[in-house]
1. Kindly provide the set of residues from region B:113-127 that are surrounded by fewer than 20 Cβ atoms within 10 Å (Cβ to Cβ) and either within 22 Å of the chain's Cα centre (by Cα) or basic (Lys, Arg) (or both), ordered by number.
2. Condition check: surrounded by 16 or more Cβ atoms within 10 Å (Cβ to Cβ), within 10 Å of chain A (Cβ to nearest Cβ) and either over 20 Å from the mean Cα position of the chain (by Cα) or not hydroxyl-bearing (Ser, Thr, Tyr) (or both). Does residue B:44 satisfy that?
3. Is there a residue in region B:77-87 that is of a type in the set (Lys, Arg), surrounded by fewer than 20 Cβ atoms within 10 Å (Cβ to Cβ) and either in contact (Cβ under 8 Å) with a residue 40 or more places away in the chain or in contact with a Pro (Cβ under 8 Å, 6 or more places away or on another chain) (or both)?
4. Against the definition (in contact with a strand residue (DSSP E or B) (Cβ under 9 Å, 6 or more places away or on another chain) and modelled with pLDDT under 80), how does residue A:125 come out, yes or no?
5. Restricting to region A:27-57, name every residue that is within 7 Å of chain B (Cβ to nearest Cβ) and at pLDDT 85 or above.
6. Test residue B:96 against the stated conditions and say whether it is buried (at least 21 other Cβ atoms within 10 Å of the Cβ) and either among the aromatic types (Phe, Trp, Tyr) or out of contact with any strand residue (DSSP E or B) (no Cβ under 7 Å at 6 or more places or on another chain) (or both).
7. Looking at residue B:135 and the list (1) within 22 Å of the chain's Cα centre (by Cα); (2) surrounded by fewer than 19 Cβ atoms within 10 Å (Cβ to Cβ); (3) facing chain A (nearest Cβ under 9 Å), which single condition is not satisfied?
8. Determine if region A:90-97 includes at least one residue that is of a type in the set (Lys, Arg), modelled with pLDDT of 80 or more and surrounded by fewer than 19 Cβ atoms within 10 Å (Cβ to Cβ).
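The values are calculated or read from the model by the stated rules, or taken from the named source; none is laboratory data. Just so it is clear, the model here is predicted, and its values are computed rather than measured. For neighbour counting, all protein chains shown are included, and Cβ atoms are generated from backbone atoms with ideal geometry for every residue, glycine included.
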Amino acid sequence: MKLRKNEVHGREKIDVPMTPMIDIVFQLLVFFIMTFKIVAMEGDFNINMPQAAQGAPSTSLQVPLKLKLRAGPNGALQSVALNNTTFDGNVQEKFAQLQDAIVQQIGVSDGPSSAQEESEIEIDADFQLHYHYVIRAITAVTGRVDPKTGEVQKLVEKIKFAPGAGA
Amino acid sequence: MKIHKKKREMLEGDLTPMIDMTFQLIAFFMVLINFTQADQNKEIKLPESELAKPPEVPFENAITLQIYKNGNVYFDGNDFTLDSLRPRLVVEKQIADEFKGKDGGAQNVTVIIRGDSFVETGKVQETIKLCQDVGFEKFALRAKEKVPY
């Protein structure tokens, strides 16, 4: 018992040097804080453009959707037209109307093999149009956020760019 | 003197809670740190979209082309014009065909396009066209997630 007591006593005596560990820990902390950056999450829109399909007739059985985006002289959006319907209003209203028109044409349903998967849209944009309008147009036609549930409903699945517009 | 001694002994505070907290902080930053975002070019301001959700499964084979406002392309650490990009992409396609031949080669490589908000659409389409000419078929337009409030 005496020995044990001594051991216990000895244990209390051991003094681990904390300073180096804390130094390193702070070094690590500073490193991680410095390299930390908040990045907004990014997502992708898939477009499939096989070379052979260029100029070939569309394989889709649906009525082809053709979206025309016309630009003003400074690259701002001037007009949006789906097939032959032109939309009015400011930029936001135009895209909202475009989305409504798409919903009217192909409907909203969640079932498999629905019209959404079959449908294809061709985007014909002016050369000098700012790219973010194209992304907004793609956003408007590929899906919408249900205002009630906040879930994403898919609309047109396939997107392609009109050939020749980039030349 | 006695009082002095007592005071000095009191100064040795308990470090355990502080170290606990510090480790918590380190763990927090370690988990959140993201090295995979390193291929983002800061000069490029991506367009925003409500539908741009991060993919659940990242692309298996992908190359990222980043298009500046003036239409030049940043790829693999260097800046290219459209003309100088072509030979570089041809090399990339050959590598894809050589090493990923089983998976379909260049046809199965996704070209992720990170275009600046204000680049001309025609420039983006020219870049896509160039990739098509070289032999890539899958494209993904990247956008920043916009949180709808």
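1. B:117, B:118
2. On the way: surrounded by 16 or more Cβ atoms within 10 Å (Cβ to Cβ): yes; within 10 Å of chain A (Cβ to nearest Cβ): no; either over 20 Å from the mean Cα position of the chain (by Cα) or not hydroxyl-bearing (Ser, Thr, Tyr) (or both): yes.
No: the conditions fail for residue B:44.
3. Taking every residue of region B:77-87 in turn, at least one turns out to be of a type in the set (Lys, Arg), surrounded by fewer than 20 Cβ atoms within 10 Å (Cβ to Cβ) and either in contact (Cβ under 8 Å) with a residue 40 or more places away in the chain or in contact with a Pro (Cβ under 8 Å, 6 or more places away or on another chain) (or both).
4. Details: in contact with a strand residue (DSSP E or B) (Cβ under 9 Å, 6 or more places away or on another chain): yes; modelled with pLDDT under 80: no.
Criteria not met by residue A:125.
5. First pass over region A:27-57, keeping only residues within 7 Å of chain B (Cβ to nearest Cβ): A:28-29, A:32-33, A:35-36, A:39-51.
Of everything in region A:27-57, those that are within 7 Å of chain B (Cβ to nearest Cβ) and at pLDDT 85 or above turn out to be A:28, A:29, A:32, A:33.
6. Working: buried (at least 21 other Cβ atoms within 10 Å of the Cβ): yes; either among the aromatic types (Phe, Trp, Tyr) or out of contact with any strand residue (DSSP E or B) (no Cβ under 7 Å at 6 or more places or on another chain) (or both): yes.
Yes, satisfied.
7. Here residue B:135 meets the rest and fails (1).
8. Here is the first cut: in region A:90-97, the residues of a type in the set (Lys, Arg) are A:94.
Now drop any that are not modelled with pLDDT of 80 or more, which leaves A:94.
Those still in the list that are surrounded by fewer than 19 Cβ atoms within 10 Å (Cβ to Cβ) too: none.
Looking through region A:90-97, none of the residues is of a type in the set (Lys, Arg), modelled with pLDDT of 80 or more and surrounded by fewer than 19 Cβ atoms within 10 Å (Cβ to Cβ).
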